[in-house]
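Novice: Starting off with a structure, shown below.
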Amino acid sequence: MQPFLKSALCAAALHASTAGAAPQEITPAGSQPATTGSAEYFTGQVQVEPVWPANGEINASGGRVTFSPGARSAWHTHPRGQRLLVTAGVGLTQEWGRPVQEIRAGDVVWCPPGVKHWHGASAHSAMTHLAVTGTTAQGQNVQWLEKVTDAQYQGK
Ligand code: MN
């Protein structure tokens, strides 16, 4: 192919791929303030960092959550389910009626819609996970239930 024709075709392809599309967005690291997990929904020290919101194309939000040793969520369900990627430490999770399970950095958890569960740190190690949580058309992504008791947390 002649060099001129080749570059003209490349320019046409580039134009076609970007025409009418919104530009990429970069959210700089550290630009989204962390919040403290509400005592209504969490036990112990929990930091919640927003990562990305749900949007019309990918209808699931991302959040980075860090639990101090012994800290955990309350029992809850997700109407569209949730994926967790453990990014640091050692944690615990439990589905209602099943044993407490240990989760470690690199582990991935899929929680199907409507399954009652909790997640948090282990007793002696902090745990951080990326939570990817599906959102309903009405903007709901969680239904909070009762707190996890110390006996439940200890698997008793
Ligand atoms: Mn959850």
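Novice: With all pairs of different alpha carbon atoms counted, what Kirkwood hydrodynamic radius in Å does the chain show?
Specialist: About 17.6 Å, per the Kirkwood formula over Cα pairs.
Novice: Cα gyration tensor of segment 114-156, axes a ≥ b ≥ c as square roots of the eigenvalues: rounded (a/c below 1.5), prolate (a/b > b/c) or oblate?
Specialist: Oblate.
Novice: Given 0.36 nm per residue, what is the gain on full extension from GLN140 to LYS156 after removing their alpha carbon distance, in nm?
Specialist: Value of the extension gain: 2.6 nm.
Novice: Per residue of the chain, what 222 nm ellipticity follows from adding -39500 (n - 2.57) for every DSSP H run with n ≥ 4, rounded to the nearest 500?
Specialist: Estimated from H runs of four or more residues: -4000 deg cm²/dmol.
Novice: Give me the angle, in degrees from 0 to 90, between the Cα long axis of helix 3-18 and the longest principal axis of the Cα atoms of the chain, rounded to the nearest 10.
Specialist: Approximately 40 degrees, to the nearest ten.
Novice: Could I ask something else about it? How much length is gained on full extension from ASP107 to VAL51, taking 0.36 nm per residue of separation minus their Cα-Cα distance?
Specialist: Length gained between ASP107 and VAL51: 18.2 nm.
Novice: Using the Cα centre as the reference, give the magnitude of the dipole from point charges on the C-beta atoms of segment 40-156 (Lys, Arg: +1; Asp, Glu: -1; all else neutral), rounded to the nearest 20 debye.
Specialist: About 140 debye.
Novice: Separate question: If you wrap segment 33-118's Cα atoms in a convex hull and average its projection over all directions, what's the area in nm²?
Specialist: Across all orientations, segment 33-118 yields a mean hull projection of 6.0 nm².
Novice: Here is a further query. Specify which residue in the list VAL148, ALA126, TRP110 is farthest towards the positive end of the charge dipole of the chain, using unit charges on the beta carbon of Lys, Arg (+1) and Asp, Glu (-1), about the Cα centre.
Specialist: Checked the options; the winner is TRP110.
Novice: When SER73, SER38, SER122, SER68 are ordered from fewest to most other Cβ atoms inside 10 Å of their Cβ, what list results?
Specialist: Taking fewest neighbouring Cβ atoms as first place, the list is SER38, SER68, SER122, SER73.
Novice: Any idea what the relative contact order of the chain is, in percent, if you count C-alpha pairs under 8 Å spaced at least 6 apart?
Specialist: Averaging sequence separation for qualifying contacts and normalising by length gives 25 percent for the chain.
Any read-out appearing in this document is the output of simple, stated calculations on the displayed coordinates, not a laboratory observation. For clarity, every value in this text was computed on a predicted model and none was experimentally measured. Ideal geometry is used to build each Cβ from the backbone, glycine not excepted, and the neighbour counts take in all protein chains shown.
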